Structure formats: structure tokens, C-alpha cells
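Contents: one structure, followed by commentary.
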Amino acid sequence: MCLRVFVVNLWPVRFDEAVSYLLSLGHETLAMKLGLANVTRLLAALDDPQRAYPAVQIAGTNGKGSTAAMLAAAARAAGLRTGLYTSPHLVSITERINLNGADIAPAEFARHATQVRAAAEALHDETGARPTFFEQVTAVALLAFRAAGVELAILETGLGGRLDATTAARARVVAVTPVALDHQAYLGNTLAEIAAEKAAIIRPDTSVVVAPQPDEARAVITARCRECGVTPVWATERVRVLDATADGRLRAVFETAEDVYEVNPLALRGRHQLTNAATAVALAETLRARGFPVTRAAIIEGLETAAHPGRLELRPGTPPLLFDGAHNPAGAAALRAYLDEFVRAPLTLVFGAMADKELAELAAALFPAARRLVLTRPTNPRAAPPDALAQLAQQHARPATVELAAPPAAALARAYELTPPDGLICVTGSLYLIGEVQALLPGLASRL
């Protein structure tokens with residue numbers, strides 16, 4: 001079957017219209033269809049923009065977004081025009097596509113989205129299959145990177161790896177961050193099954209970086225590398241912490257076979273970022289071995305300047321706000337470790353999560369840390385109702401500390417009422433909740 005190639009816009013579209021069309025395709029998780037056939041056809045109809053530049057693809061359960069952000073910052077510090085694609089977004093869909101350190105402009109997003117829509121609708125007319133929300137946004141990103149003339153694209157895998165739309169880019173450098181249980185309904189019920197889905201991004205023609213892994217996942221990833229005839233680079237575990245700032249940013253030394261990197265301090269908070277930073281270092285060194293001019297100084301600068309909103313993101317205010325998308329047990333454990341080590345202020349926890357998550361484990365990890373607990377429900381069809389969360393709170397929090405406020409706006413207002421000026425409000429459980437709360441912040445200028 002021969003599809004037409006669409007290289008021009010067919011009609012002018014405003015940004016809000018482009019976003020409305022994409023949202024009409026259905027929620028990116030509930031309406032997703034794992035597989036590469038549709039996105040491969042879509043990219044072919046767009047003259048395969050992913051062939052215009054080299055790419056890095058990063059898969060894993062936790063840390064892939066932070067690792068991607070650190071690597072992108074290092075690449076920019078090295079003078080490379082860099083594209084970064086991440087998901088989900090918090091407030092605006094433009095956050096998913098970053099061009100050399102800045103989110104794509106709404107008008108530019110709309111222009112590329114219009115072109116993708118035309119190709120997607122033609123594909124639907126010819127095959128009966130319409131590309132999904134995530135497939136179309138991925139195509140928008142790859143188009144935008146070509147138009148911007150990026151010299152390196154860094155792609156965070158959306159879900160899994162084997163059948164994720166980003167895999168159609170066929171990146172020549174790939175990485176697997178720590179694998180843990182998450183999205184079992186789509187990826188499998190065991191660590192080995194999930195690791196196999198993520199390790200499938202490894203191909204015979206790739207350079208591979210792997211973060212430290214649980215034994216079960218490590219065995220699967222090692223077997224995949226052996227099958228593909230590639231030798232993985234394991235992120236260094238020779239990491240020495242020198243000290244930490246009061247808000248949890250670590251000053252650390254990373255020693256690899258090639259160099260020593262003293263970072264003063266890491267831009268991203270929490271001890272779990274040591275693993276992500278080590279993985280980013282290994283990726284940067286791999287790019288250097290492939291001829292990219294990523295120097296030691298650029299790598300250090302990248303680790304010291306990277307930004308990843310919604311991941312232990314601290315906003316000053318009265319009281320301050322801490323945002324962290326701890327949506328699975330490993331993420332909740334990392335947040336709890338951070339709270340135990342670095343937070344002494346009275347803590348109010350605003351919590352809302354998706355119903356298909358390991359809610360009992362999230363509650364067990366996080367609820368005991370809170371002096372006050374406000375349970376809410378993000379505006380999302382997958383969200384767990386607050387009364388279901390309240391049943392878990394009975395086991396892990398004192399009853400007098402628990403309140404229900406279903407709309408996130410009401411939950412945030414109640415959190416401010418309950419928290420003293422020297423306290424801390426932590427919003428967590430879902431990145432969708434974080435995005436919804438952050439969208440409210442412009443109206444709270446007096447508190448921030």
C-alpha cells in the first residue's frame with residue numbers, strides 16, 4: 001500500500017484547535033493501542049522526519065525522564081542543538097517538546113500538529129486505522145525536531161518499549177533506567193515480563209546503556225544484549241556523596257572508566273537521582289565515543305542545571321509547595337526517603353492517584369509521613385475516588401488527620417488552611433494531579 005506524503009499544511013489551525021483535536025482522540029492511556037504499524041505508516045507519510053537526525057531513546061520504569069533531562073542539558077552545554085521529547089505534560093502539551101532548552105511555541109506546535117492530522121486522517125481513510133493521541137504527538141515532536149534542525153533528539157519512552165511509538169524512531173543509542181512493577185495491565189505481571197518489554201528497544205545496531213537493576217530485570221536485559229550481539233555499558237556505581245543542600249540536592253563524585261565528574265550539586269533533588277545521573281553520564285560518554293563533542297565540563301554542567309518539573313520540584317511560598325509524581329511503589333519509596341531525610345517542617349500531603357496503581361503500597365509508604373492528609377481526585381477517568389483512598393488511610397494515618405476534598409482546587413485550598421506558614425505542602429500520587437494543581441498556581445500569587 002502506498003500512502004501519499006504530506007509535507008504542507010492543508011488548513012490554518014489555532015493552537016487550541018490543534019489541542020482539542022488531539023484530545024478528541026481519547027485519553028492517551030485508555031485509548032492507546034500499543035504497536036508500531038500505525039506510527040510507522042504515519043511517519044512515512046510525513047517523509048520520515050526521524051531520519052534527519054540521530055536519536056537517543058530512554059526506557060525504564062523510574063528515572064527515564066530525569067535521565068533524559070540531564071542528558072539533554074549536557075548536550076546543550078556541549079553546544080549541540082538538542083530536541084527533548086518527554087511525557088506526560090503537566091499544564092501545557094507544549095512541555096512535551098523541548099527545542100534547545102525551551103518548550104515549543106504554541107503556534108509552532110499547531111503548525112506541525114496540523115500537518116500530522118492531515119496525514120493521520122488520510123491514513124484512516126485508506127486503512128481504517130487512525131493514529132492515537134500519543135502516536136500523533138510523537139510525530140509532531142519528530143517533525144518539530146527536523147524543522148528546528150536539531151543535531152540530537154532525546155526521546156523518553158512513553159510506555160514499555162517494544163511497541164511504544166518512540167521506538168519507531170530507531171534510535172542508535174538506547175538506555176534502560178531502573179525497572180520496577182508498573183503498568184502491569186499492559187506490560188506483564190512480573191519484573192521479568194516488564195523488563196523484556198523495555199529491553200526490546202535494544203537492537204543489534206545500538207549502543208546500550210543500562211542503569212543498575214534488580215537481579216531479575218538485569219538477567220533479562222543481559223540476555224537481550226547477548227541475543228543482539230551488543231555489549232552493554234552499565235552505569236557506574238562508583239558514586240561518592242560529599243554532602244547535600246538543605247533541600248536535598250546532592251554534591252557527588254561519579255567515577256567511570258573514562259573520567260571523574262565532581263558535581264556541585266546535582267540540580268535534581270533526592271538520593272535516587274544519583275542513579276539517574278550516573279546513567280546520564282554513561283549516555284554522554286557513549287555519545288562522545290560516537291563522535292559527539294560532549295566534554296567532561298559539559299556533562300558536569302548538564303547535571304548541575306537540568307530541570308524536570310513535577311519531580312521533587314520545590315516552589316517557595318507561605319508555605320512552600322513540593323511536587324513529586326510518585327505514582328508507583330518505587331517512586332513512593334524514593335519520595336518517602338527524601339521526606340525522611342530532608343523535611344523537618346509539618347507536612348501536609350495532598351494525594352490523588354489512578355485507580356489502576358498499587359494504591360495500598362503507595363499509601364503505606366507515604367501516608368504515615370504526613371501530619372495532615374488531604375485526599376483528592378484528579379480530573380481523569382482513571383482516577384481513584386477519595387473514599388477508596390480513605391479506606392487505605394484508615395490503616396496508615398490517624399483518622400483525625402485525614403480529610404477528603406474531591407476537586408483538586410478544593411484540596412489545595414484546604415491544604416493551605418491546614419498548614420502553618422513554616423510547614424510544607426506536598427502534592428503527589430499522580431503527575432496528572434500535579435499538572436492540575438500547578439495550573440491553579442497563577443491565581444495564588446499572594447502565597448508564592
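Out of curiosity, is T138 over 22 Å from the mean Cα position of the chain (by Cα), closer than 21 Å to H89 by Cα and either assigned to a loop (DSSP other than H, G, I, E, B) or modelled with pLDDT of 95 or more (or both)? The answer is no for T138. Of the residues in segment 429-438, at least one is in the same structural domain as P319 (by TED's automatic domain parsing), outside any helix (DSSP H, G or I) and either on the phi > 0 side of the Ramachandran plot or in contact (Cβ under 8 Å) with a residue 40 or more places away in the chain (or both).
The C-beta contact set for segment 276-293 (first residue in the same structural domain as I58 (by TED's automatic domain parsing) and at positive phi, second residue part of a helix (DSSP H, G or I) and of a type outside the set (A, V, I, L, M, F, W, C), distance under 7 angstrom, 6+ apart or interchain) is empty. On inspection, G325 fails the criterion of being crowded, with 23+ Cβ neighbours inside 10 Å, closer than 23 Å to G270 by Cα, out of contact with any strand residue (DSSP E or B) (no Cβ under 6 Å at 6 or more places or on another chain) and at pLDDT 95 or above.
Can you tell me which residue is surrounded by the most Cβ atoms within 10 Å (Cβ to Cβ) among those in segment 149-164 that are in a strand (DSSP E or B) and over 15 Å from the mean Cα position of the chain (by Cα)? The qualifying residue surrounded by the most Cβ atoms within 10 Å (Cβ to Cβ) is A153. Restricting attention to segment 250-275, the residues that are in a strand (DSSP E or B) and in contact (Cβ under 8 Å) with a residue 12 or more places away in the chain add up to 9.
In segment 71-120, the residue that is surrounded by the fewest Cβ atoms within 10 Å (Cβ to Cβ) out of those that are within 12 Å of the chain's Cα centre (by Cα) and either in a helix (DSSP H, G or I) or basic (K, R) (or both) is E95. Among all residues of segment 360-376, there is none that is more than 22 Å from D340 (Cα to Cα), outside the structural domain of L90 (by TED's automatic domain parsing) and surrounded by fewer than 18 Cβ atoms within 10 Å (Cβ to Cβ).
Within segment 235-249, restricting attention to residues that are assigned to a strand (DSSP E or B) and touching a residue at least 24 places away in the same chain (Cβ under 8 Å), the residue that is surrounded by the fewest Cβ atoms within 10 Å (Cβ to Cβ) is V241.
Considering only segment 342-355, state which residues are exposed (fewer than 15 other Cβ atoms within 10 Å of the Cβ) and under 24 Å from the mean Cα position of the chain (by Cα). A355, the sole residue that qualifies. If you go through segment 272-303 and keep only what is basic (K, R) and surrounded by fewer than 18 Cβ atoms within 10 Å (Cβ to Cβ), you end up with R290, R296. Taking segment 200-232 as the range and being at pLDDT below 95, under 22 Å from the mean Cα position of the chain (by Cα) and under 24 Å from A165 (Cβ atoms) as the test, the residues that pass are A200, A217. Looking at A415, A400, just one residue is among the small types (G, A, S) and farther than 25 Å from P309 by Cα, and that residue is A400.
Taking first residues from segment 137-150 that are in the same structural domain as L25 (by TED's automatic domain parsing) and partners that are surrounded by fewer than 24 Cβ atoms within 10 Å (Cβ to Cβ) and acidic (D, E), the Cβ contacts under 7 Å between residues at least 6 apart in sequence or on separate chains come to A144/E108. Total residues in segment 352-387 satisfying the condition of being among the hydrophobic types (A, V, I, L, M, F, W, C), under 20 Å from V437 (Cβ atoms) and assigned to a helix (DSSP H, G or I): the figure is 6. Taken across segment 385-394, residues that are within 28 Å of A278 (Cα to Cα), touching a residue at least 12 places away in the same chain (Cβ under 8 Å) and either surrounded by fewer than 18 Cβ atoms within 10 Å (Cβ to Cβ) or assigned by TED's automatic domain parsing to the domain that holds V91 (or both) do not occur at all. Would segment 177-184 turn up any residue that is surrounded by fewer than 20 Cβ atoms within 10 Å (Cβ to Cβ), over 15 Å from the mean Cα position of the chain (by Cα) and at pLDDT below 85? Yes, segment 177-184 contains at least one residue that is surrounded by fewer than 20 Cβ atoms within 10 Å (Cβ to Cβ), over 15 Å from the mean Cα position of the chain (by Cα) and at pLDDT below 85.
For segment 201-234, the candidate set comprises residues that are aliphatic (A, V, I, L, M), part of a loop (DSSP other than H, G, I, E, B) and touching a helix residue (DSSP H, G or I) at 6+ places or on another chain (Cβ under 7 Å); within that set, the residue that is surrounded by the fewest Cβ atoms within 10 Å (Cβ to Cβ) is I202.
The values are calculated or read from the model by the stated rules, or taken from the named source; none is laboratory data. As the structure is a computational prediction, the values presented were derived from the model and not from experiment. FYI the Cβ positions are ideal-geometry reconstructions off the backbone, even for glycines, and counts take in every protein chain you see.
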